[in-house]
Amino acid sequence: MKVTVDYGKCAGLGICESLAPEFFEVNDDGDLDLLKEDIEPDELQSVREAVAGCPAEALRIVDN
């Protein structure tokens, strides 16, 4: 599984970063950086929480 970002929707609020910091980081310009795409089984829960917590609905989990 992978996580994707729709940068056109992303507001850079950083909720995803707080829920899954190994995947997401809001840089100094307020833009989201995707640190890694591939999701290991033990990481899936935190990424799901980040996707669910995104108010802009900019995050998605997809099958490889």
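Only the coordinates and a few stated rules stand behind these numbers; no lab work does. Predicted model only: the values in this text are computed from it and were never measured. Heads up, the Cβs are rebuilt from the backbone with ideal geometry, glycines too, and the neighbour counts pull from every protein chain shown.
Anyone know which of Glu22, Glu40, Glu49 comes out most mobile in the 10 Å Cα GNM of the chain?
Evaluated over the chain, the most mobile residue of the options is Glu40.
Roughly what angle does helix 44-53 make with the longest principal axis of the chain, taking Cα atoms, 0 to 90 degrees, to the nearest 10?
Its long axis makes an angle of about 40 degrees.
DSSP loop trypsin sites (Lys or Arg not before Pro) in the chain with at most 16 other Cβ atoms within 10 Å of their Cβ, which ones?
Lys9, Lys36
What is the ratio of the Cα radius of gyration of the stretch 2-62 to 2.2 N^0.38 Å, with N the residue count, to two decimals?
0.97
Under the Karplus relation 6.51 cos²θ - 1.76 cosθ + 1.60, θ = phi - 60°, what is the ordered set of whole-Hz ³J(HN,Hα) values for the stretch 17-29, x standing for Gly and Pro?
Per-residue couplings from phi come out as 4, 6, 8, 9, x, 6, 10, 10, 8, 8, 7, 5, 8 Hz.
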